[in-house]
Structure formats: C-alpha cells, structure tokens
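A.B. asks: Structure provided below as structure tokens; questions to follow.
The values are calculated or read from the model by the stated rules, or taken from the named source; none is laboratory data. Note that the structure is a prediction, hence the values are computed from the model and not measured. Methodologically, a virtual Cβ is constructed for each residue, glycine included, from the backbone with ideal geometry; neighbour enumeration extends over all protein chains shown.
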C-alpha cells in the first residue's frame, strides 16, 4: 500500500509552471528521494503535499487523506524539516520541542518523555537548556529532525536537510536519517540536489523543470546509463570527438574541455581508444556511473549548472508572485 | 479550538517577553516621556478646563498609546516569525488558523495589559484620586482595547512579508492612529476630514471609554465624545471583524 499517492500534479505561478504533471507513489517504510537542481519544483511539491500550497490541478493524498480536502488529517500524519531553519532561536532546545508537542496535542503524560527521548536520540540532552542560537548548523538540523518526530508522524519530509552543512555534519546526519525508518517506523520523503546523498534512497525520482524524467532504484537508474563513463582530455577535442563517435558509434559529450563517453565495458574501451587517438590524449579517467551521470545522461547537463542561473530565477519569480497575491 | 496550541503560542510570547527586559523598559519609557515631558510642556499652554488639568486629560490617551504600541509590536512579531521561518512550523501543524490568531491576539493582549497597568499605577502622580472600581474598570477597558488592537496588528502582519516594512507601519499606521485618537486633544475640535478619520479609529473608542471612567463629571471639551455603549459595541465588533479577517488571511496561500 503506497502511503503517498500523487497524480498528475500541476502547480503554476503566473507564467511559470513549477510542477508539471507529476505522478508518483511512495511505499510505506521506504526512503523516497526527489533529486533535481534548484528550481526544479521539489520544494513546491513538498509544500503542496504538506498542505501549505494548493495545486493548480491534480491530486495528492497522504496516508489515505486528501491533501486539499483533509489538511488537518494530513498535517497530523506528517513531520517536516524545511529547507531553511524553522526553530525559534531565542528559545532553548527543550522549549522548541515542547512547543511542538503542545502544538501537535501530544498527551500531557507523554509530552516530557517524548521530548527527553528525542533529545537523547540526537545526543543533545546535555544541552537541552541552551538557547538554539548557540547551536551549530548540524545541531540545529538534528534538532529539527527530532522535532519532526515528536508527534510520531507516519511520514517525515526532509527538504534539502543537509544544505549549508560541512561535510562531516552531512555524513553524520545521513547516518542518522538512514536509521529512521527502522528505528522510528517512519517513511521518509526527501529532496536534495546532492547526488551522493540520494544513494541512501530506496527509490529516486529525478525531476527537472517541474517534470519527473526518471523514477527507479538508484542501482537501476545507474544501470540504465549503459555502463561506465570514460573522461578524456585531449589536445584537440573537436577532431577526437568525431573520431571516437565514428569508432564506437556512441555519443560523446564535451564539457569544460573534457570529453565524456559512456561505454558498456570501460576497461576494454580504454586500450582501444589509446590505439586510435593515442598521440592526442592528455589524460583518461574512468568512472563507475554515479547519479550525477544519470542526471547528465538524462538532461545533457550537470546538476550543479543550474544552481546560480535558472533555479534562482524561478525562485525569485515565485517569491515575487507570492508577494503580489 | 485547540487549547493546547493557544496556550503554547501565548506561553512562548510571554517567555520571550520576560527574557527581554530591555523591551519592557523601553515600552514603559515612551508613554512616560509623553506624559511627563510633552504633557508637562503643553499644560503650560493649555488652561485647565472644567477642573481637569492637561496632564490628567491626556492620561487615558497615554494608556491608549501604551496599548497601541505594545499590541501592534507584539502582533507584528509575526512578520519576524515569517522572516525567520518559525511561522512555517506553526502553519503546518494540525491547528486551525483561528486558534493561531486567538493565540497571537491573547499574547498581545497580555503583554500590553501588563504595560498599561504599570502606566496606570502612575495615576496618583498626575493628581487623580481613583477608587477601586474605577481602577478595575480602566483595567477592563485596557484589556478589551488591547485585544482589539492586537487583532488589528495581526491583520497588518499578514500583509507584510519582511521586517523592512516596519518603518512603513510605524510612520503610516501607528503614529496617525495615535494622533487621530483623541489622546492629545478632543477629536471634536479637529477639522472635519480628520475628525472623520478619528471616527474610523478603534483606538478612539477605547480612549473615550476610559474618559467616561476617569472624568465622570467632565464638561465641554474634556468630556467623552461617544456614549459608553457606542464605544463598547465598536470595540467588540471591530475585534470580531479583525479576528475573522486575520483568520481568513492566514488561510492557505494560492
């Protein structure tokens, strides 16, 4: 039984279609990843699912409740960690959690116990009486995830949970998140634009320009690429590109002065390359497929390219639209 | 209505209020400056009328000012909550928008009632001799007015997305509301257009109601402009109106 069901979801802001005919299902107890560049429509989808936005058309239901018609039931069933922190920095860790417990009407007799339990779970029990403004980015994130668990939601939404964290905190947080379904019996729906992070997911939807362009397990997605990626730097990319295309009958892409080609068997491919274009080669490296390659393969661009350009423009337009309405 | 949610929204606001002692001091300082400096200055210019000296005449207005500032400041903390993201935590909770508005309005009411009671305690200094009943009546009016203005502040806060709009609210809403409330001069003396504006200001009616209690026998320009019943009804209905309007504007965004 899928716990999240989304059918033909569309969300338009003025002349921008942020979410364009998106359908998917999420199985209970799994980690579902929404992967795509900034501005691809990930946050908009989350906002619709958690009842903060109404869609232009299409339907979404969570734990059997319709997101548009039964917002209150949906809200009880979900916990959310937003992209930007939503803690009150002038309250202590414990006060933030207690606030949440009251807000979600957690019973009087179990409130304190739950708060203490999650504080221990995230290793912040010793610092429960410190104001949140004294916490590091990683601690705040952990606190937010813990807060989202206090009312025992069926689904936990994580919108770019590791944004702005240092590599070590990111690694810790992922370890922590990947244990959640087992330890807390919760389904996780997360978005990220970090390819490496999506690897922990049971299933991944790759989203670009508001559309889902692929949806599968990480290993199937990588298999679909059709092999290893070979990166070559040469003295003359243009002629090499043509030669390789003729020789292997495979597509070659050029990016930042580097050619890349996906071959079924990278190890045997390289010797053959060197025999043909040997004198032009500056360097060759081989890479087992990552989700980044999957994305590159599907869209013809690396996921980070969008960050400062297209993505932010969409975000800005959406903000401007919401200010006006 | 979710009582737990209302309780915790109020508790958070009060906790922050108690922690920020400096906020209380500056909130108390403003009305006292008006009362004892502006009031003292102008009273040299204005003769006492019907036995009421000017510093006494502006006393209800100064209470109104205390309520106006602290209620609106308290309510527009919602803009801060939006800016710093905390509002989202409240909005995705299974809590009706109505409860959120009530919680916020009650926070504003309590905070501004505390401040107005502190100012009220200065009544002997300006020469009033009030009995217990009068003091309780003024406190009651202050509570109702605080609720009304707090609810109005929430409506304001829903229109603004960032705290850069703060000075706009200060200069174009708070100050005009204060000047057009009968706090410093009887509104009956105002030119027509300003008098009409004053009639549309809920603060006017709260201050007028206090005049009923503080100057029961006042004549002429010192006397209240409306009947007590009119003021009570205006405060009641505008409170309801603001609460409903605020609740509506908190509904899901398009």
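A.B. asks: Only one of (1) within 18 Å of the chain's Cα centre (by Cα); (2) not in a helix (DSSP H, G or I) fails for residue A:196. Which number is that?
C.D. replies: (2)
A.B. asks: Output the residue which, of all residues in region A:200-214 that are in contact with a strand residue (DSSP E or B) (Cβ under 7 Å, 6 or more places away or on another chain) and buried (at least 20 other Cβ atoms within 10 Å of the Cβ), is farthest from residue A:175 (Cα to Cα).
C.D. replies: A:210
A.B. asks: Oh, and also: Would you check which residues across region A:100-112 are within 21 Å of residue A:123 (Cβ to Cβ) and at the interface with chain B (Cβ under 8 Å from one of its Cβ atoms) and list them?
C.D. replies: Within region A:100-112, A:100 is the sole residue that qualifies.
A.B. asks: Restricted to region A:149-165, and to residues that are farther than 16 Å from residue A:73 by Cα and touching a residue at least 40 places away in the same chain (Cβ under 8 Å), which residue is surrounded by the fewest Cβ atoms within 10 Å (Cβ to Cβ)? Give the steps one after another, and end with the answer.
C.D. replies: Keep residues of region A:149-165 that are farther than 16 Å from residue A:73 by Cα, which gives A:149-150, A:158-165.
Retained after the next criterion (residues that are touching a residue at least 40 places away in the same chain (Cβ under 8 Å)): A:149-150, A:158-161, A:163.
Details: A:149: 22, A:150: 22, A:158: 27, A:159: 21, A:160: 21, A:161: 25, A:163: 17.
Result: A:163.
A.B. asks: Among the residues of region B:33-43, which ones are out of contact with any helix residue (DSSP H, G or I) (no Cβ under 7 Å at 6 or more places or on another chain) and over 12 Å from residue B:59 (Cβ atoms)?
C.D. replies: Residues of region B:33-43 out of contact with any helix residue (DSSP H, G or I) (no Cβ under 7 Å at 6 or more places or on another chain): B:33, B:36-38, B:41.
Across region B:33-43, the qualifying residues are B:33, B:37, B:38, B:41.
A.B. asks: Please determine whether any residue of region A:46-55 is modelled with pLDDT under 95 and more than 14 Å from chain B (Cβ to nearest Cβ).
C.D. replies: Going through region A:46-55, the residues modelled with pLDDT under 95 turn out to be A:46-55.
From the residues that got through so far, the ones that are more than 14 Å from chain B (Cβ to nearest Cβ) too are none.
No.
Residue-wise test of (1) at pLDDT 95 or above; (2) more than 14 Å from every other protein chain (Cβ to nearest Cβ); (3) touching a helix residue (DSSP H, G or I) at 6+ places or on another chain (Cβ under 7 Å); (4) farther than 25 Å from residue B:99 by Cβ.
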site: A:90; (1), (2), (3), (4): no, no, yes, no
site: A:98; (1), (2), (3), (4): yes, no, yes, no
site: A:117; (1), (2), (3), (4): no, yes, no, yes
site: A:120; (1), (2), (3), (4): no, yes, no, yes
site: A:123; (1), (2), (3), (4): no, yes, no, yes
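A.B. asks: Could you tell me which of the residues B:181, B:165 is touching a residue at least 60 places away in the same chain (Cβ under 8 Å) and in a helix (DSSP H, G or I)? Write out each step before concluding.
C.D. replies: On the way: B:181 fails: in a helix (DSSP H, G or I).
Result: B:165 is the single residue among B:181, B:165 that is touching a residue at least 60 places away in the same chain (Cβ under 8 Å) and in a helix (DSSP H, G or I).
A.B. asks: Looking only at region A:1-18, how many residues end up being surrounded by fewer than 23 Cβ atoms within 10 Å (Cβ to Cβ), farther than 20 Å from residue A:180 by Cα and in contact with a strand residue (DSSP E or B) (Cβ under 9 Å, 6 or more places away or on another chain)?
C.D. replies: Within region A:1-18, residues that are surrounded by fewer than 23 Cβ atoms within 10 Å (Cβ to Cβ), farther than 20 Å from residue A:180 by Cα and in contact with a strand residue (DSSP E or B) (Cβ under 9 Å, 6 or more places away or on another chain) number 6.
Residues are listed down the side, and each one gets a yes or a no for (1) buried (at least 16 other Cβ atoms within 10 Å of the Cβ); (2) over 27 Å from residue A:38 (Cβ atoms):
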{"site": "A:231", "(1), (2)": "no, no"}
{"site": "A:240", "(1), (2)": "yes, yes"}
{"site": "A:245", "(1), (2)": "no, yes"}
{"site": "A:254", "(1), (2)": "no, no"}
{"site": "A:258", "(1), (2)": "no, no"}
{"site": "A:282", "(1), (2)": "no, yes"}
{"site": "A:285", "(1), (2)": "no, yes"}
{"site": "A:289", "(1), (2)": "yes, no"}
{"site": "A:294", "(1), (2)": "yes, no"}
